[in-house]
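Here the structure is laid out as structure tokens; the discussion comes afterwards.
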Amino acid sequence: SLSSPTNIINRHQLLMMLAGLLIIILLQCDCSNGLAQQSTPTTYNYFPYGSNMAISTMMNLRNLSPLASTAAILPAHTLRFNIPGVPLVEPSSASVEPIIDMDKAVDVDTMIERGQLVHGVLYKLTEEDFASVCSTEGVPFAYSLHRCRVIPYSGDGKRAGEACLRKLDDDLNQA
């Protein structure tokens, strides 16, 4: 029956699934030779933006315990408010999309000027916490997992993340 306890979703979970302010991005699994070792627990990197950037949201509202966190940038992607939300509650939700037609020769200044990057937080989560995030965010229905390269901030913090982009640019130019 529709009213059975297993079919009831609390209001908070429903709103989080319908109006979540992030895309879940699966960055990597800490594994050795592709196989998780039993002595080393599996962890996942997760790159949220919006309200899930706040550690208080992650811990108090979502009941997660991130193992680590750092500010980070996702280059060659853009923030879009293109997911229909709940009328009168949350008119739309955001997503992060790769820039498909981006010229690979774009320099860091152009990328910054064009807004072809997304700022967020890179969390390291346990397998259990990552599964919880996927469940409450509606993967694979509202959002999908996306493997990508996120770059942690470096530098003095005055030019939010610019130093890490310049280092990436230097590394690519030397390759």
**Request:** Rounded to the nearest Å, what's the spacing between the alpha carbon centres of region 50-97 and region 124-150? Just the number, please.
**Result:** 11
**Message:** Skipping prolines and chain starts, which residues have an amide H placed within reach, meaning under 5 Å, of the one on Ile99, given they are 5 or more residues away or on another chain?
**Reply:** His77, Thr78
**Request:** Grab the Cα-Cα distance for Asp107 and Phe81, subtract it from 0.36 nm times how many residues apart they are, and report the gain in nm with one decimal.
**Result:** 6.8 nm
**Accessible area in the full protein assembly, largest first, 1.4 Å probe, for Asp101, Asp170, Asp129** = Asp101, Asp170, Asp129
**Label point distance in nm, Ile151-Ser65, each placed 7 Å from Cα along Cα→Cβ** = 3.4
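Taking square-rooted eigenvalues a ≥ b ≥ c of the alpha carbon gyration tensor, is region 69-128 rounded, prolate or oblate, where a/c under 1.5 means rounded and, failing that, a/b exceeding b/c means prolate?
Numbers: a/c = 2.48, a/b = 1.28, b/c = 1.93.
Because a/c hits 1.5 or more and a/b fails to exceed b/c, region 69-128 counts as oblate.
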**Complete:** Expected unfolding gain across Thr42-Glu128 under the 0.36 nm per residue rule, minus the alpha-carbon gap, is 30.0 nm
**Prompt:** Say each of Arg166 and Phe141 gets a label point 7 Å from the Cα, pointing the same way as Cα to Cβ; how far apart are those two points in nm?
**Reply:** 4.7
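With a 1.4 Å probe and all protein chains kept in place, how do Ser56, Ser95 rank by accessible area, largest first? Could the numbers behind the result be given before it?
Values: Ser56 60, Ser95 10 Å².
Result of the area sort, largest leading: Ser56, Ser95.
The values are calculated or read from the model by the stated rules, or taken from the named source; none is laboratory data. Remember, predicted model here, so these are calculated numbers, not experimental data. Heads up, the Cβs are rebuilt from the backbone with ideal geometry, glycines too, and the neighbour counts pull from every protein chain shown. What goes into the accessible areas is simple: the full protein's heavy atoms, side chains included, and nothing from ligands, DNA or RNA. Shrake-Rupley method; radii C 1.70, N 1.55, O 1.52, S 1.80 Å.
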